[in-house]
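First comes the structure, then the notes that go with it.
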Amino acid sequence: MKRTLSPVAPTAPRPKTTGEHGQTDFDAVADEYDESLPVHVMEHYIDKRTAFVREHVLSGSKILDVGCGTGVLAERLLHQGYDVTGADPFAAMLHHMAKRDSRLKTVHAPGQDLPFDDGTFDFTYCVAVMHHVADPQDVRDTLVEMCRVTRPGGMVLVWDHNPRNPYWPILMKRVPQDTGAERLVPEQEILDGLKAGNATPIEAKPLGMVPDFTPKILMAPVALLERIVEQIPVVNRLCAHNVILARKNV
């Protein structure tokens, strides 16, 4: 059964909120969402995530973006030859996604209740979603649903904020999509949720270190430093994101 979110009165100057825990109403921030971070920083992470998907998923695969938002990454993957569907509980975000490319398929649904048959997709992923889902049971339900709609032998990817990174509390106070109701989800909780969905983690690593305040002129050296840090044990545990890839059990 599709979940209905109850409106909660907003607290200025934060954006409108929804849900019992005061999560962001993304319908209210959809028009400004893509401008919340500098374009060159966003492009860096879109390129990074696209490269990761291309490394692990065959072109032409049928993929699902859970919590797709305005579809920036979905559009990039579409242009890389993937068959992309985006699911999101906020219609205004999907409206922006649909305008990007008519070939992008959009479905209005929360991650906890995906309206697809078992094993529909070759690859299911979410990026920067779980910390907005926040509630532990909802996080687990979303992970289990992502696994359910993925075919046996297919893969599931979760790319989300790393609670060990000390910069997140600062950044999350500055962007319009964060209200303070978010929860940084530990890596182990994601691993446990994937296992509950009958998927076996095959890769789990911290990635990303480019902060939003990086000037465009310094992107190249900062990106190089990021790649170095990602390879250093212990130090890399402070990277910005936990990246977990799992394979649905056959």
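Throughout, read-outs are computed from the coordinates displayed, never taken from laboratory work. Everything quoted here is computed from the prediction, not taken from an experiment. Neighbour counts are summed over all protein chains in view; Cβ atoms, including those assigned to glycine, are modelled from backbone coordinates with ideal geometry.
What are the equivalent ellipsoid semi-axes of region 19-147, built from the alpha-carbon gyration tensor (square roots of five times its eigenvalues), in whole angstrom, biggest first? Show your work: numbers first, answer last.
Working: eigenvalues 88, 72, 39 Å².
For region 19-147, the ellipsoid semi-axes come out as 21, 19, 14 Å.
With only Cα atoms counted, region 192-237 has Rg and Dmax values of 15.1, 45 Å.
Residues Asp31, Asp178, Asp117 in ascending order of nearby Cβ atoms (within 10 Å, fewest first): Asp117, Asp31, Asp178. Legend: calculated FRET efficiency, Ser59 to Asp27, from the Cβ-Cβ distance at R0 = 25 Å, rounded to 0.05, equals 0.15. Pairs spanning more than 23 Å between alpha-carbon atoms, out of Lys62/Lys248; Lys62/Lys99; Lys62/Lys105; Lys105/Lys216; Lys99/Lys173; Lys48/Lys205: Lys105/Lys216; Lys99/Lys173. In sequence order, region 125-141 has phi-based couplings of 9, 9, 10, 6, 10, 4, 5, 7, 4, 6, 4, x, 5, 5, 4, 5, 4 Hz under the Karplus curve 6.51 cos²θ - 1.76 cosθ + 1.60, θ = phi - 60°, and Gly or Pro positions carry x. Placing unit charges on each Cβ (+1 for Lys and Arg, -1 for Asp and Glu) gives the chain a dipole about its Cα centre, and among Cys147, Cys239, Val107 the Cα reaching farthest toward its positive end belongs to Cys239. Site pair Asp34 and Val222 shows an inter-label distance of 2.2 nm when each label is modelled 7 Å from Cα along Cα→Cβ.
For region 71-143, the spread of Cα positions along the three principal axes, ordered from largest to smallest, is 34, 27, 19 Å.
Legend: Rg and Dmax of region 14-248, from Cα coordinates, 16.6, 47 Å. Only the Cβ atoms of Lys and Arg (+1) and of Asp and Glu (-1) were treated as charged; on that basis the dipole of region 182-250 about its Cα centre amounts to roughly 180 debye.
Protection proxy ranking of 160-170, 82-92, by the mean of other Cβ atoms within 10 Å over each peptide's residues and highest first, is 82-92, 160-170. Charging the Cβ of each Asp and Glu at -1 and of each Lys and Arg at +1, and nothing else, the dipole of region 51-134 about its Cα centre rounds to 340 debye. Over the Cα atoms of region 105-212, the radius of gyration divided by the Kirkwood radius equals 0.97; this is the Rg/Rh ratio.
Summing Cβ point charges (Lys, Arg +1; Asp, Glu -1) relative to the Cα centre of the chain gives a dipole of roughly 400 debye.
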